[in-house]
Every structure is written in C-alpha cells, then in structure tokens.
Number of protein chains: 2
Amino acid sequence: MRALVLDGGSARVADLPSAPLPPGEARVRVLLAGICATDLELRRGYLGFRGVPGHEFVGEVIEGPAEWRGARVVGEINAACGACPTCRAGRRRHCPRRTVLGIVGRPGSHAEEVLLPAENLHRVPSGLPDEAAVFVEPLAAAWHVCEQVNVAGRAVAVLGAGRLGQLLARSARLAGGDVLAIGRDRRKLDLLRAAGIATATPQDVQGRRFPVVVEATGTPEGFALALSLTEPTGSLVLKTTTHGATPVDLAPVVVDEVTVVGSRCGRFEPALALLAAGAVDPRPLVDAVLPLEEAAGAYERSARPGALKVLLRPGG
Amino acid sequence: MRALVLDGGSARVADLPSAPLPPGEARVRVLLAGICATDLELRRGYLGFRGVPGHEFVGEVIEGPAEWRGARVVGEINAACGACPTCRAGRRRHCPRRTVLGIVGRPGSHAEEVLLPAENLHRVPSGLPDEAAVFVEPLAAAWHVCEQVNVAGRAVAVLGAGRLGQLLARSARLAGGDVLAIGRDRRKLDLLRAAGIATATPQDVQGRRFPVVVEATGTPEGFALALSLTEPTGSLVLKTTTHGATPVDLAPVVVDEVTVVGSRCGRFEPALALLAAGAVDPRPLVDAVLPLEEAAGAYERSARPGALKVLLRPGG
C-alpha cells in the first residue's frame with residue numbers, strides 16, 4: 001500500500017507491505033485524513049519520529065470482525081493494553097503501554113490503509129459527510145477542554161485562531177462560555193465571526209484578564225501570553241505541545257494561584273454527536289483536499305502561515 | 001522603632017520613625033517573627049524589594065480599635081481594598097490593589113512594630129505558645145494545598161523537606177493523604193519521620209509516579225523533577241516562587257494531562273485550629289531564636305543548607 005513515510009527530515013510517499021492483521025483489530029481503508037500541528041512537529045523531529053504519521057481519518061473497514069466489515073468509521077487514536085492499573089482505573093488514553101496512531105508505535109492514517117483495535121472504532125452516522133467526519137478527532141480534543149474546566153457562563157479567551165483554536169472556540173461557545181477568540185490572521189478571525197464568535201487581536205486584549213484562558217497558539221511563546229491573560233485563581237488550559245524546553249517564569253502561577261490544565265485527547269462520542277447534529281460545521285476550515293501522492297506538498301502547505309486544514313485523499 | 005531594612009543587597013537594622021496609624025488599622029508590638037524563603041528571595045532582589053521585610057509574626061496590639069487592644073494576635077498578610085470586583089467575589093487575597101505585609105507596599109514584621117488592618121487580625125488562644133503561633137502563616141499556606149486538591153486516601157509526594165515542605169507533609173497527612181516526603185538532608189528527613197511521615201530521597205523514587213505531587217523545593221529545577229513524579233491526569237501543586245525565567249519543557253503537562261495548581265497563601269482559621277489542638281507541633285522546626293539586632297546574621301543562618309526556621313525576637 002502507499003503511505004507517507006517520515007524518516008528524520010525526509011517525507012516521501014512509498015510502497016509499504018500491507019501489515020498482517022492482529023487479533024481484535026480492523027483494517028480500515030482511509031477515505032480522508034487530516035494534517036494537524038502534531039504531524040508537522042513529528043516531521044520536524046518531535047519524539048524522534050520515523051514512520052507513517054497521521055491520526056485524523058475517516059475510513060471504511062475492509063477486514064476484521066464481521067460486525068465491523070463495510071462500516072464507515074472514525075477511530076480513537078490511543079490503543080490501550082486494557083490490563084494495567086491505569087486502564088483498569090478507566091484512564092485508557094493514558095495507558096503507559098499504549099500505542100498512539102501515527103505518533104507512538106503504530107503506523108498512521110496518512111496511508112491507504114490503517115490498522116486499529118476494533119474497540120477503538122466508532123460508526124459514522126450516514127448523514128455526516130466525510131469532510132466533516134474527518135474532524136472528529138480534533139473536535140474531540142477541543143470538546144475535552146469543556147469536560148475538564150467549567151466554561152458555562154464564564155468569560156473564555158481562546159488564544160490562537162488556527163486549526164485547533166477554531167474548534168476550541170466553537171466548543172467553548174457550545175458549552176456555554178462567553179468566548180473571545182484571539183488571533184492575528186484576518187481570514188481566520190473572519191471565519192470565527194462568521195460562526196458567531198467574538199474576536200480580538202493580542203493587542204486588543206492587553207491588560208485584560210479572563211477566568212478561563214485556552215492556549216492553542218502552537219508556539220512556545222504562547223504560554224507566557226496566556227498566563228498574562230489569566231486572572232487570579234483562573235484556569236489556563238494548555239493545548240500546545242512543543243518539543244524542548246522554553247524559558248518560562250512560573251512565579252505568576254504561584255502568586256496568582258492559577259491552575260494550568262494540560263489537555264490532549266478527548267472522547268469521540270460527544271464530538272460525533274456535535275457534528276451529526278450540525279452544532280459544529282468544520283467544513284469552512286478545509287483549505288484543500290489533496291491526493292496522498294502529494295502528501296509532502298500538503299504538509300508544506302499546512303505549515304504555511306494562515307493555513308487551516310489540509311486533507312489527504314488516498315483514493316486520488 | 002528598630003527594624004530590619006533591605007536596600008538593594010544591603011540588610012541592616014536601623015531606627016525608623018513610627019508610622020501614624022491609619023483608620024481601621026492596629027499597631028502590633030512584634031513578639032516573635034519568622035524568616036521564610038520569600039524573605040531570602042526579597043533580600044536577593046526579588047520584586048526589586050526595598051524596605052522592611054517579614055510577614056510571619058505573633059504580637060500584641062498596642063494601639064487601634066478598643067476591642068483589639070492588648071490582644072495577642074497573628075495577622076493575615078494581604079490587606080485588600082474590599083471594594084473591587086475581586087474582593088466582592090470573596091477573593092480578597094487576590095485583590096489587585098492589595099498591599100502585602102513585608103512584600104508589597106506595607107512594611108513587614110522584622111521590626112519592633114507592625115501595622116495591619118484590624119480585620120486581618122486573629123486572636124491567639126491563650127494556651128498556644130508564641131513559638132507555635134508564629135507558624136500560623138506558613139501553616140495556613142501549607143494547609144491551603146489540601147483545600148485546593150483532594151489528598152484524602154491518595155498517594156502524595158511532597159518534594160522538599162525544608163521549612164515549608166515540613167508543614168506541607170504534616171498538613172497533607174492530617175488531611176488524609178498517604179504522604180511520602182522527599183528530600184536530601186538527613187536531619188530534615190529525621191524530623192519528618194519523628195512526626196510519623198514516610199521519607200525518601202530523590203534517588204529512591206526514580207521511576208515512581210504519584211497522583212498528587214507538591215513542589216516545595218524552593219529551586220527553579222524543582223518543577224521538572226516534580227513533573228517527572230506526577231502520574232498522568234495527576235495534580236502538581238506548585239509552591240516555589242523564584243524570580244526570572246527557567247527553561248521548562250511543558251509538553252509532559254499536555255501529553256499526560258497534568259493539572260498544575262499554583263498555591264500561595266491560605267486561611268488562618270484552620271491553621272490556628274490545628275496548632276491549638278496540637279495536631280501540628282512546629283516547634284521542633286525552630287533552629288534558633290535571635291534578637292532583632294542580629295537580623296542580618298539570622299538571614300544568613302536561615303539561608304544555609306540544612307537550615308530550618310530562624311525566629312527573630314524584637315524584645316531582645
């Protein structure tokens with residue numbers, strides 16, 4: 001099968017042998033796959049990654065348990081052992097022995113096919129188009145913030161108007177937050193306003209403080225700015241993962257008794273429900289749909305300032 | 001009156017004019033005052049501090065509202081405006097217009113006398129000796145952690161066995177935590193074990209993870225070690241304030257969805273109750289009681305590795 005392979009700086013589409021199917025897993029033909037900031041970080045060398053990246057997808061089961069065959073699916077990206085204390089405590093997304101689709105020990109979705117445990121799969125409702133369903137994973141990650149921090153009735157600053165920031169602002173508003181999305185790119189702010197969300201630039205909010213701040217700039221400098229916007233005893237939700245150490249002054253966290261909440265992945269059920277109900281329509285965020293063969297160029301396009309979501313279509 | 005004056009690197013005991021008493025405030029003759037890590041930071045130039053430091057004390061009201069005159073008291077260190085939205089929301093310790101005893105805009109307790117709003121004062125029960133009552137402020141700061149994070153029935157690692165770490169470990173155990181105090185100094189670990197608290201060195205706990213970690217090392221490097229000890233979805237309570245930026249890798253906060261809880265001051269009521277009931281006896285932590293005139297030397301003693309609490313007695 002054809003797949004994008006990252007190999008310490010190089011990115012090329014290559015023929016790979018089709019892997020044998022482990023018991024309990026399903027082979028999914030990828031219909032559409034998204035490129036996110038983590039993929040771009042992996043390409044730059046985060047985690048010393050080598051292999052097939054990609055963890056956002058919608059696809060069709062072509063091999064595996066009979067009840068799944070032919071189903072159009074999305075898939076949770078953390079494959080847990082199911083047996084360790086963390087799994088037994090219900091925190092399977094944090095299983096220390098987990099593999100993570102396209103990130104840790106499991107080839108990803110920027111390929112014609114992908115393997116996942118059947119228990120990770122969710123059926124996509126028939127009315128939901130592929131172009132929306134492919135957003136389940138990042139929308140789940142965005143909605144998760146609203147399960148970690150109460151935003152209802154509170155002023156929420158979402159810092160960063162990119163791929164994830166767009167979904168975070170929509171999620172926080174749906175969860176009842178009084179959302180202000182903060183970014184620099186005019187087109188991205190326009191998209192937010194078109195979705196009914198108030199926007200501002202970082203200059204506009206100088207000196208303002210918010211009880212909830214969500215940091216999704218994707219930059220190492222985002223934390224300091226987010227902290228300066230968080231009011232005493234407020235919550236700062238941290239979404240950006242960058243590799244390496246950044247100079248940070250943590251004294252304001254202590255003096256202002258800020259709670260910094262790390263946030264990674266979320267449950268698929270609420271994200272699928274929001275998409276199926278039309279409460280979130282992510283399709284205006286799609287910049288381009290490109291064939292898998294053009295994946296290297298798609299990554300470059302995705303990394304450009306101003307870019308939003310670039311999708312890969314292995315089918316052509 | 002005599003007072004310790006810090007002035008950009010120099011520390012000397014000097015004669016200062018007795019300040020006039022503002023309405024609603026009380027003048028307190030200091031009986032005993034403690035030196036803490038923040039004082040040592042102020043001496044090193046934190047916040048560009050100049051003036052009289054000190055925020056831990058027990059004293060006797062010598063001027064002010066009639067109902068307070070003659071009372072033996074301790075005093076909350078944040079003097080709030082009482083009128084701003086933060087104060088009206090009940091978060092007076094975070095009033096943006098506050099003064100803070102011996103730290104921000106209000107001369108401190110390393111002096112013969114100190115002024116505080118009467119509403120900040122708490123009577124000391126008659127059975128409680130000065131040498132214990134002087135610990136109310138740091139014990140309140142330690143107990144506050146148990147009001148921010150549920151420790152009952154959970155494994156709690158307290159990192160740092162110094163002045164604050166000693167009180168944090170005792171507080172977390174009283175609040176029902178399964179406490180492991182982690183430090184390097186043998187005498188400090190002995191004191192913890194004498195109080196019935198299990199101890200370990202940083203080497204002993206390599207590879208272990210805890211659902212709750214309290215960072216009280218007083219060093220910029222403490223955060224990274226504390227983070228490495230925090231299990232996924234766990235809580236890391238940050239007590240250390242250091243000035244300036246330190247290189248920090250925040251990626252594990254996001255990937256492991258750790259909650260970092262900044263923690264500064266606490267309510268005096270529970271701390272006074274714990275001391276009055278004998279649930280915490282801080283007196284074994286006292287290294288020395290020195291006259292105010294020897295304050296500069298007392299600071300030096302307090303800054304030595306292995307030092308615990310040094311008290312100043314303005315009376316001689």
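So A:LEU47 fits all but one of (1) of a type in the set (A, V, I, L, M); (2) more than 22 Å from B:PRO232 (Cβ to Cβ); (3) in contact (Cβ under 8 Å) with a residue 40 or more places away in the chain; what number is the exception?
Against the list (1) of a type in the set (A, V, I, L, M); (2) more than 22 Å from B:PRO232 (Cβ to Cβ); (3) in contact (Cβ under 8 Å) with a residue 40 or more places away in the chain, A:LEU47 comes up short only on (2).
B:GLY183: small (Gly, Ala, Ser), buried (at least 19 other Cβ atoms within 10 Å of the Cβ), without any contact (Cβ under 8 Å) to a residue 40 or more places away in the chain and touching a Lys or Arg at 6+ places or on another chain (Cβ under 8 Å), yes or no?
On the way: small (Gly, Ala, Ser): yes; buried (at least 19 other Cβ atoms within 10 Å of the Cβ): yes; without any contact (Cβ under 8 Å) to a residue 40 or more places away in the chain: yes; touching a Lys or Arg at 6+ places or on another chain (Cβ under 8 Å): no.
No: the conditions fail for B:GLY183.
Per-residue answers, yes or no, for (1) within 26 Å of B:GLY51 (Cα to Cα); (2) within 14 Å of chain A (Cβ to nearest Cβ):
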| position | (1), (2) |
| --- | --- |
| B:VAL104 | yes, yes |
| B:ASN120 | yes, no |
| B:VAL124 | no, no |
| B:GLY127 | no, no |
| B:LEU167 | no, no |
| B:LEU180 | no, no |
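Just give me the residues in the stretch A:211-249 being without any contact (Cβ under 8 Å) to a residue 40 or more places away in the chain, within 10 Å of chain B (Cβ to nearest Cβ) and charged (D, E, K, R), in sequence order.
Within the stretch A:211-249, A:GLU231, A:ASP249 meet the criteria.
In the list A:VAL13, A:VAL61, which residue meets the criterion of being buried (at least 22 other Cβ atoms within 10 Å of the Cβ) and more than 21 Å from the chain's Cα centre (by Cα)? Walk me through it before giving the result.
Numbers: A:VAL13 fails: buried (at least 22 other Cβ atoms within 10 Å of the Cβ).
The match here is A:VAL61.
B:PRO252 is checked against (1) at the interface with chain A (Cβ under 10 Å from one of its Cβ atoms); (2) buried (at least 20 other Cβ atoms within 10 Å of the Cβ) and fails just one. What number does that condition carry?
B:PRO252 satisfies all of (1) at the interface with chain A (Cβ under 10 Å from one of its Cβ atoms); (2) buried (at least 20 other Cβ atoms within 10 Å of the Cβ) except (2).
Evaluate the following for A:LEU101: is it buried (at least 24 other Cβ atoms within 10 Å of the Cβ), under 27 Å from A:VAL214 (Cα atoms) and touching a Gly at 6+ places or on another chain (Cβ under 8 Å)? Write out each step before concluding.
Values: buried (at least 24 other Cβ atoms within 10 Å of the Cβ): yes; under 27 Å from A:VAL214 (Cα atoms): yes; touching a Gly at 6+ places or on another chain (Cβ under 8 Å): yes.
In short, yes.
Looking only at the stretch B:79-97, filter to residues that are touching a Lys or Arg at 6+ places or on another chain (Cβ under 8 Å) and surrounded by fewer than 20 Cβ atoms within 10 Å (Cβ to Cβ); which one of those is farthest from the other protein chains (Cβ to nearest Cβ)? So that I can check it myself, show each step before the final result.
We begin by selecting, within the stretch B:79-97, every residue touching a Lys or Arg at 6+ places or on another chain (Cβ under 8 Å); these are B:79-82, B:84, B:86, B:92-93.
So of that shortlist, the ones also surrounded by fewer than 20 Cβ atoms within 10 Å (Cβ to Cβ) come out as B:81-82, B:84, B:92.
Details: B:CYS81: 14, B:GLY82: 16, B:CYS84: 11, B:ARG92: 11 Å.
Here the answer is B:GLY82.
What number of residues in the stretch B:186-227 are of a type in the set (Lys, Arg) and surrounded by 15 or more Cβ atoms within 10 Å (Cβ to Cβ)? I'd like the intermediate steps shown before the answer.
Looking only at the stretch B:186-227, we keep the residues that are of a type in the set (Lys, Arg), and these are B:186-188, B:193, B:208-209.
Still in the list and also surrounded by 15 or more Cβ atoms within 10 Å (Cβ to Cβ): B:188, B:209.
Residues that pass the stated criteria total 2.
Here is a yes/no grid of residues against (1) in a loop (DSSP other than H, G, I, E, B); (2) at pLDDT 95 or above; (3) in contact with a Leu (Cβ under 7 Å, 6 or more places away or on another chain); (4) within 23 Å of B:LEU121 (Cβ to Cβ):
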residue: B:VAL253; (1), (2), (3), (4): no, yes, yes, no
residue: B:VAL260; (1), (2), (3), (4): no, yes, yes, no
residue: B:GLU269; (1), (2), (3), (4): no, yes, no, yes
residue: B:LEU274; (1), (2), (3), (4): no, yes, yes, yes
residue: B:PRO284; (1), (2), (3), (4): no, yes, yes, no
residue: B:ASP287; (1), (2), (3), (4): no, yes, yes, no
residue: B:LEU290; (1), (2), (3), (4): no, yes, yes, no
residue: B:ALA298; (1), (2), (3), (4): no, yes, yes, no
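Within the stretch A:72-79, is even one residue within 20 Å of B:VAL258 (Cα to Cα) and out of contact with any Leu (no Cβ under 7 Å at 6 or more places or on another chain)?
Within the stretch A:72-79 (the criterion being within 20 Å of B:VAL258 (Cα to Cα) and out of contact with any Leu (no Cβ under 7 Å at 6 or more places or on another chain)), the answer is yes, since at least one residue qualifies.
Could you please let me know if A:GLU63 is more than 14 Å from every other protein chain (Cβ to nearest Cβ), without any contact (Cβ under 8 Å) to a residue 60 or more places away in the chain and on the phi < 0 side of the Ramachandran plot? Full working, then the answer.
Working: more than 14 Å from every other protein chain (Cβ to nearest Cβ): yes; without any contact (Cβ under 8 Å) to a residue 60 or more places away in the chain: yes; on the phi < 0 side of the Ramachandran plot: yes.
The answer is yes for A:GLU63.
For a quick check of your reading of the model, give me the residue pairs whose first member lies in the stretch A:115-131 and is crowded, with 17+ Cβ neighbours inside 10 Å, whose second is modelled with pLDDT under 95, with beta-carbon atoms closer than 7 Å and at least 6 apart or on different chains.
What qualifies is A:LEU115/A:ALA19.
Are there any strands (runs of 3 or more DSSP E) wholly within the stretch A:177-247 with 2 or more residues that are at pLDDT 95 or above, over 22 Å from the mean Cα position of the chain (by Cα) and of a type outside the set (Lys, Arg), and if so which? Can you show your working first?
Working: elements: A:178-182, A:198-200, A:210-215, A:230-238.
Filter on the stretch A:177-247 gives A:198-200, A:210-215, A:230-238.
If a residue has to be β-branched (Val, Ile, Thr) and either within 20 Å of the chain's Cα centre (by Cα) or within 27 Å of B:LEU311 (Cα to Cα) (or both) to count, how many in the stretch B:248-297 make the cut?
Just the residues of the stretch B:248-297 that are β-branched (Val, Ile, Thr), to begin with: B:248, B:253-255, B:258-261, B:280, B:286, B:289.
Now restrict to residues that are either within 20 Å of the chain's Cα centre (by Cα) or within 27 Å of B:LEU311 (Cα to Cα) (or both): B:260-261, B:280, B:286, B:289.
The qualifying residues number 5.
Okay, residues lined up against (1) farther than 30 Å from A:LEU189 by Cβ; (2) among the small types (Gly, Ala, Ser):
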{"residue": "A:ALA89", "(1), (2)": "yes, yes"}
{"residue": "A:VAL104", "(1), (2)": "yes, no"}
{"residue": "A:PRO138", "(1), (2)": "no, no"}
{"residue": "A:VAL145", "(1), (2)": "no, no"}
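Determine the pairs where a residue that is in a loop (DSSP other than H, G, I, E, B), located within the stretch A:165-176, has a partner that is of a type in the set (Val, Ile, Thr) with Cβ atoms under 6 Å apart, the partner being 6 or more residues away or on another chain.
A:ALA175/A:VAL151
Being among the hydrophobic types (A, V, I, L, M, F, W, C) and either closer than 15 Å to A:GLY176 by Cβ or touching a Ser or Thr at 6+ places or on another chain (Cβ under 6 Å) (or both) is the filter here; which residues of the stretch A:132-152 pass it? Let's see the steps before the verdict.
Taking the stretch A:132-152 as the starting set, the residues that turn out to be among the hydrophobic types (A, V, I, L, M, F, W, C) are A:132-136, A:139-143, A:145-146, A:149, A:151-152.
If the condition is that a residue be among the hydrophobic types (A, V, I, L, M, F, W, C) and either closer than 15 Å to A:GLY176 by Cβ or touching a Ser or Thr at 6+ places or on another chain (Cβ under 6 Å) (or both), then A:ALA142, A:TRP143, A:VAL145, A:CYS146, A:VAL149, A:VAL151, A:ALA152 are the ones that fit.
Condition first: within 14 Å of another protein chain (Cβ to nearest Cβ) and either surrounded by 19 or more Cβ atoms within 10 Å (Cβ to Cβ) or of a type in the set (Asp, Glu) (or both). Can you find one or more residues in the stretch B:265-277 that meet it?
Step one: of the stretch B:265-277, the residues within 14 Å of another protein chain (Cβ to nearest Cβ) are B:265-267.
Filter once more, keeping what is either surrounded by 19 or more Cβ atoms within 10 Å (Cβ to Cβ) or of a type in the set (Asp, Glu) (or both): B:265-266.
There is at least one residue in the stretch B:265-277 that is within 14 Å of another protein chain (Cβ to nearest Cβ) and either surrounded by 19 or more Cβ atoms within 10 Å (Cβ to Cβ) or of a type in the set (Asp, Glu) (or both).
From B:VAL286, B:VAL280, grab the single residue that is touching an Asp or Glu at 6+ places or on another chain (Cβ under 7 Å), away from every other protein chain (no Cβ under 14 Å) and of a type in the set (Val, Ile, Thr).
On the way: B:VAL280 fails: touching an Asp or Glu at 6+ places or on another chain (Cβ under 7 Å).
On inspection, the qualifying residue turns out to be B:VAL286.
The values are calculated or read from the model by the stated rules, or taken from the named source; none is laboratory data. Being a predicted model, the structure only gives us computed values, none of them experimental. Neighbour counts are summed over all protein chains in view; Cβ atoms, including those assigned to glycine, are modelled from backbone coordinates with ideal geometry.
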